[in-house]
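Have a look at the structure below before the remarks.
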Amino acid sequence: MVKIRSKGLCPKCRYKQRDRECKLKPQSKNLQKVEEKSSLNVFYNSMIAIHSSNPFSIESGKYIYELDRSNICHILPKRTYKSVSCNADNIIILTIEEHARFDQLLGCLEIDRLMSEFPKTMRIVIDKIKKVLPLCRENGKIRTALETLINS
């Protein structure tokens, strides 16, 4: 007696069937995600190496004792704007608390509050975003809001 499992097959037959199904599935999406993650890891490591000689927050000037990925803040979010996710002009260095607040305000498109809470940072952001926007292939609300900020 062989125990019948899923799809009415014994374990050995089901294993063979699954193996054939897996070979037929395209793997390009998974490979693309792996490549994106590895390129982001290389980008983060290079940015940490570059900025570790001067690890200060742009806004508050606080010294960052252990500069890591959480201190690297993307102006245009890397998840939505993948074409500029590994662009050095698309990042700023902030403390973890400042990074969280910056992302929160930018995500809610509260540009006026960003200008009032992050005056030093926003001057730098405007200069950097002028370089990044022509390279960006994606469209979105944040891009539109930053474009109107630059044009006004």
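With respect to the stated conditions, Leu40 fails to be crowded, with 17+ Cβ neighbours inside 10 Å and among the aliphatic types (A, V, I, L, M).
What about Ile4, is it hydrophobic (A, V, I, L, M, F, W, C), at pLDDT below 90 and farther than 25 Å from Arg137 by Cα? Yes, satisfied. Contact annotation: residue pairs with Cβ atoms under 9 Å, 6 or more positions apart or on different chains, pairing a residue in region 120-141 that is more than 16 Å from Ile91 (Cα to Cα) with a partner that is among the hydrophobic types (A, V, I, L, M, F, W, C) and outside any helix (DSSP H, G or I), are Glu138/Leu76; Gly140/Leu76; Lys141/Leu109. Of all residues in region 115-152, those that are outside any helix (DSSP H, G or I) and not acidic (Asp, Glu) total 6.
Table: residues versus (1) closer than 25 Å to His51 by Cα; (2) β-branched (Val, Ile, Thr).
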residue	(1), (2)
Leu94	yes, no
Leu109	no, no
Asp112	no, no
Ser116	no, no
Ile124	yes, yes
Lys130	yes, no
Leu135	yes, no
Ala145	no, no
Asn151	no, no
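One residue stands out in region 73-106 among those that are touching a Lys or Arg at 6+ places or on another chain (Cβ under 6 Å) and assigned to a helix (DSSP H, G or I): the one that is nearest to Ile126 (Cα to Cα), namely Asp89. The condition of being under 24 Å from Asn41 (Cβ atoms) and surrounded by 13 or more Cβ atoms within 10 Å (Cβ to Cβ) holds for only one of Leu109, Leu105, Leu94, Leu149, that being Leu94.
Annotation: Ser52 fulfils all but one of (1) touching a residue at least 12 places away in the same chain (Cβ under 8 Å); (2) surrounded by 13 or more Cβ atoms within 10 Å (Cβ to Cβ); the unmet one is (2). When restricted to residues that are assigned to a loop (DSSP other than H, G, I, E, B), farther than 16 Å from Lys128 by Cα and touching a residue at least 24 places away in the same chain (Cβ under 8 Å), region 58-72 contains 4.
The values are calculated or read from the model by the stated rules, or taken from the named source; none is laboratory data. Bear in mind that the values here come from a model prediction, so they are computed numbers and not experimental data. In this analysis, Cβ positions are derived from the backbone assuming ideal geometry, glycine residues included, and neighbour counts consider all displayed protein chains.
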